[in-house]
Amino acid sequence: MRNVAIVGYGHTKFGVRNEVNLAELAYEAIREALEKAGLEPKDVEHVVVSNVGGWSSEPLPAVVVAEYAGLSGKPLHRVEAACASGSSALASAYEAVASGMADIALAVGVEKMNESPTPNVVELIGRAGNYFWEFQNFGLTFPGYYALYATAYMNKYGATEEDFCRVAVKNHYYASMNPKAQFPRKIDLETCMSSRYIAWPIKLYDSSPITDGAAAVVLASEEVAKKLTDSPVWIHSIGMASGTANLSRRDDFTGLLAAQLAAKAAYKVAGLEAENTARYFDVAEVHDCFTIAEVMAYEDLGFVKRGEGYKLVREGQTYIGGLIPVNLSGGLKAKGHPLGATGISMAVELTKQLLHEVEPGRQATINKGMAVAHNVGGTGHYAYVTVLGLEKPRGR
């Protein structure tokens, strides 16, 4: 396997993007990524598009995006792994370069979720899992799935609704400095606590929004990367795992087993121990589709022991200057969550963080030169953990 680096990135404004169609939106990110890499469409040898769809107009988004971007004729495929589709695309493009199939690959994630009415989108996301058992027979929607985890976590460890709202306050604080965020504004604890319940104890401000957006990265082999840039960001590892479709088959509702397995796999390849892992990283982007998901991510990634994640929030340890800064982009909660783009958006954010290219006020201190992304599909149905670094991976 060859070393692979991110040599270009692009990211659109997230939010309600009614002024562009799906292909135009994707091209905003593709154009920026290619310009950053100093490349043209003809230089790309492999293309992967992540898109969940169902709510948007294009049933074959990959071919539409590729044609509009001048990439027709290239090896091309679309991937879907629910909310982790972006990381799936990144993994697929990484494998193409690492295996020698291509020297330059493009991964682009795009979603136009606002092309359908909100109730339709809520239903389509609620079907993510075991449709007949959970959604049709019992009416569970996506907030309901995570409410099961929130109540179990609160009952077992003593976390409170205020603890979860502190996650939202932090993420909105950093989103206020991110011009690409859907909600670039601060909120206070009272605003979150007084927002209406969606599925107790999850409230409106505990929840990520419905989002349009796109993100793209250009990956290159080591030999090519050295010619394109003096500052590559290397992919050290990508860990992947899955969970049961039916939540009733799970033994524990205080963490996501798929995320734990993906983290262990990523750490093993990167040569990291799986405990006390915050010591390795300068910054993290984690999957906070709901605030409980971010708290569980702290534990599933090994930053702290089980049952201690909410204490990081209480103590402000996930702000800049704390144990490990998390979601300095604003996270899914405030940056936005266009499902097919989210995982690639995380990679873009961490690349910018490692290269000191983010806006003032939300730049992490980069001492260790490593970052980690945690992207979950559904309610732990899929999980991807990606380790990025400024130094070339050891032993390759």
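The values are calculated or read from the model by the stated rules, or taken from the named source; none is laboratory data. Everything numeric here is computed off the predicted structure, so don't read it as measured data. A quick note on method: Cβ atoms are made from the backbone with ideal geometry, for glycine too, and the neighbour counts reach across all protein chains shown. Accessible surface areas use protein heavy atoms only, side chains included; no ligands, DNA or RNA. Shrake-Rupley method; radii C 1.70, N 1.55, O 1.52, S 1.80 Å.
Take the conditions (1) within 16 Å of residue 297 (Cα to Cα); (2) touching a residue at least 60 places away in the same chain (Cβ under 8 Å); (3) surrounded by 18 or more Cβ atoms within 10 Å (Cβ to Cβ); residue 178 misses just one of them, which is (1).
When residue 245 is tested against (1) in contact with a Lys or Arg (Cβ under 7 Å, 6 or more places away or on another chain); (2) outside any helix (DSSP H, G or I), only condition (1) is not met.
Here is the figure for the range 284-304: residues that are open to solvent by 10 Å² or more (accessible area, probe 1.4 Å) and either hydroxyl-bearing (Ser, Thr, Tyr) or out of contact with any helix residue (DSSP H, G or I) (no Cβ under 7 Å at 6 or more places or on another chain) (or both) total 0. Just one of (1) in contact with a Gly (Cβ under 8 Å, 6 or more places away or on another chain); (2) open to solvent by 50 Å² or more (accessible area, probe 1.4 Å); (3) assigned to a loop (DSSP other than H, G, I, E, B) fails for residue 31. It is (3). In summary, residue 49 fulfils each of the numbered conditions (1) of a type outside the set (Lys, Arg); (2) within 22 Å of residue 210 (Cβ to Cβ); (3) within 19 Å of the chain's Cα centre (by Cα); (4) not in a strand (DSSP E or B) with the single exception of condition (4). Checked against the criterion of being assigned to a loop (DSSP other than H, G, I, E, B), open to solvent by less than 30 Å² (accessible area, probe 1.4 Å) and in contact with a Leu (Cβ under 8 Å, 6 or more places away or on another chain), the range 57-71 contains one or more residues that satisfy it. Looking at the range 216-238, is at least one residue in contact with a Phe, Trp or Tyr (Cβ under 8 Å, 6 or more places away or on another chain) and either open to solvent by 20 Å² or more (accessible area, probe 1.4 Å) or in a helix (DSSP H, G or I) (or both)? The answer is yes, given that some residue of the range 216-238 is in contact with a Phe, Trp or Tyr (Cβ under 8 Å, 6 or more places away or on another chain) and either open to solvent by 20 Å² or more (accessible area, probe 1.4 Å) or in a helix (DSSP H, G or I) (or both).
Taking the range 111-163 as the search range and keeping residues that are assigned to a loop (DSSP other than H, G, I, E, B) and either touching a strand residue (DSSP E or B) at 6+ places or on another chain (Cβ under 7 Å) or β-branched (Val, Ile, Thr) (or both), which one is modelled with the lowest pLDDT? Selected residue: 141. Scanning the range 328-366 for residues being assigned to a loop (DSSP other than H, G, I, E, B), under 18 Å from residue 9 (Cα atoms) and in contact with an Asp or Glu (Cβ under 7 Å, 6 or more places away or on another chain) gives a total of 2. Taking each residue of the range 131-150 that is touching a residue at least 12 places away in the same chain (Cβ under 8 Å) and surrounded by 15 or more Cβ atoms within 10 Å (Cβ to Cβ) and looking for partners that are assigned to a helix (DSSP H, G or I) and among the β-branched types (Val, Ile, Thr) with beta-carbon atoms closer than 8 Å, six or more apart or interchain, yields 141/122; 141/125; 142/122; 142/125; 146/292; 149/292; 150/292. So which of 361, 322, 316, 389 is surrounded by fewer than 16 Cβ atoms within 10 Å (Cβ to Cβ) and closer than 23 Å to residue 273 by Cβ? The conditions single out 322. Among the conditions (1) under 27 Å from residue 3 (Cα atoms); (2) among the charged types (D, E, K, R); (3) over 22 Å from the mean Cα position of the chain (by Cα), residue 95 misses just one, which is (3). A single member of 292, 344, 366 is more than 17 Å from the chain's Cα centre (by Cα) and of a type in the set (Val, Ile, Thr), and it is 366.
Taking the range 131-152 as the range and being over 22 Å from the mean Cα position of the chain (by Cα) and farther than 19 Å from residue 251 by Cα as the test, the residues that pass are 131, 132, 135, 136, 137, 138, 139. For the range 87-98, the criterion of being open to solvent by less than 70 Å² (accessible area, probe 1.4 Å) and not in a helix (DSSP H, G or I) is met by no residue.
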